[in-house]
Amino acid sequence: MTNALTLFHTPYSRSSGSLALLEELHAEYQLHLLNQKKGEQRQPEYLAVNPMGKVPAVLHGEALVTEQVAIFLYLADLYPQAKLAPAIGDPLRGPYLRWMAFYGSCFEPAVCDFSLQREPAPASACPYGDYQTTLDTLTAQLAKGPYLLGDTFSAVDVLWATSLSWIVAYKMVPDLPVITAYIERVNQRPAMQKAAAKDAELYAAQSST
């Protein structure tokens, strides 16, 4: 990999999933840390990277990638030797893309609306239909296990397990056995534990300044 890869990262945030994926990919990368408690994500320097003022973002050579799902797709395809993304033509490629997109386009909007107690939009105007159907769709797939693509572990599991960890912690979905078992299964992986330890160290360092 000739082009340097930088992850714009805040510990214990959405970018923690991207950090975990980089560890799973055995990627060489550098971190550009942002302290959100100091508002660094809203400073002009970072707004030039992502006008939304959100992490994660990835800079790879001249390629700038924002949006969590786009970053996962980009990174997993960038390191094919890790085999965390089914190749084009693989029968699992379609389901892989489906569950990647389902997270960003349906699940997270549904749980955010639910958590904020927003009045549900009419079904015909709501991008995800309704909260319960969205949750049931996920749990039905997890019940087939052990991973979202059956026996095949992929980058999509890194996305969902890291996201579900905080979603469950904030009680945005019920603490269902099928979900907690899935989170535990993925988080037991050595690369996931390495990323979690690194995040804890970074968070402690930021908290002490």
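For region 182-203, the criterion of being charged (D, E, K, R) and either touching a His at 6+ places or on another chain (Cβ under 6 Å) or open to solvent by less than 30 Å² (accessible area, probe 1.4 Å) (or both) is met by at least one residue.
Kindly indicate whether any position in region 109-117 is hydrophobic (A, V, I, L, M, F, W, C) and open to solvent by 50 Å² or more (accessible area, probe 1.4 Å). Within region 109-117 (the criterion being hydrophobic (A, V, I, L, M, F, W, C) and open to solvent by 50 Å² or more (accessible area, probe 1.4 Å)), the answer is yes, since at least one residue qualifies.
Scanning region 6-43 for residues that are under 13 Å from P56 (Cα atoms) and of a type in the set (A, V, I, L, M, F, W, C) returns L7, F8, L19, A20, L21, L22, L31, L33, L34. Looking only at residues in region 27-47 that are touching a residue at least 60 places away in the same chain (Cβ under 8 Å) and not hydrophobic (A, V, I, L, M, F, W, C), which one is most open to solvent (accessible area, probe 1.4 Å)? Of everything passing the filter in region 27-47, K37 is most open to solvent (accessible area, probe 1.4 Å).
For (1) of a type outside the set (A, V, I, L, M); (2) assigned to a helix (DSSP H, G or I); (3) in contact with an Asp or Glu (Cβ under 7 Å, 6 or more places away or on another chain), each residue gets a yes or a no:
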{"residue": "K54", "(1), (2), (3)": "yes, no, no"}
{"residue": "D77", "(1), (2), (3)": "yes, yes, no"}
{"residue": "Q81", "(1), (2), (3)": "yes, yes, no"}
{"residue": "A85", "(1), (2), (3)": "no, no, yes"}
{"residue": "I88", "(1), (2), (3)": "no, no, no"}
{"residue": "C106", "(1), (2), (3)": "yes, yes, no"}
{"residue": "P120", "(1), (2), (3)": "yes, no, yes"}
{"residue": "Q132", "(1), (2), (3)": "yes, yes, no"}
{"residue": "D136", "(1), (2), (3)": "yes, yes, no"}
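Report yes if some residue within region 57-72 is outside any helix (DSSP H, G or I), in contact with a strand residue (DSSP E or B) (Cβ under 9 Å, 6 or more places away or on another chain) and either on the phi > 0 side of the Ramachandran plot or of a type in the set (D, E) (or both); otherwise report no. Yes, region 57-72 contains at least one residue that is outside any helix (DSSP H, G or I), in contact with a strand residue (DSSP E or B) (Cβ under 9 Å, 6 or more places away or on another chain) and either on the phi > 0 side of the Ramachandran plot or of a type in the set (D, E) (or both).
Is it true that A121 is farther than 27 Å from L7 by Cα, over 18 Å from the mean Cα position of the chain (by Cα) and surrounded by 12 or more Cβ atoms within 10 Å (Cβ to Cβ)? Yes.
The values are calculated or read from the model by the stated rules, or taken from the named source; none is laboratory data. Please read these numbers as outputs of a predicted model, since none were measured by experiment. As a convention, Cβ positions derive from the backbone with ideal geometry for all residues, glycine included, and neighbour counts pool all protein chains shown. Just the protein is used for accessible areas: all its heavy atoms, side chains included, with ligands, DNA and RNA removed. Shrake-Rupley method; radii C 1.70, N 1.55, O 1.52, S 1.80 Å.
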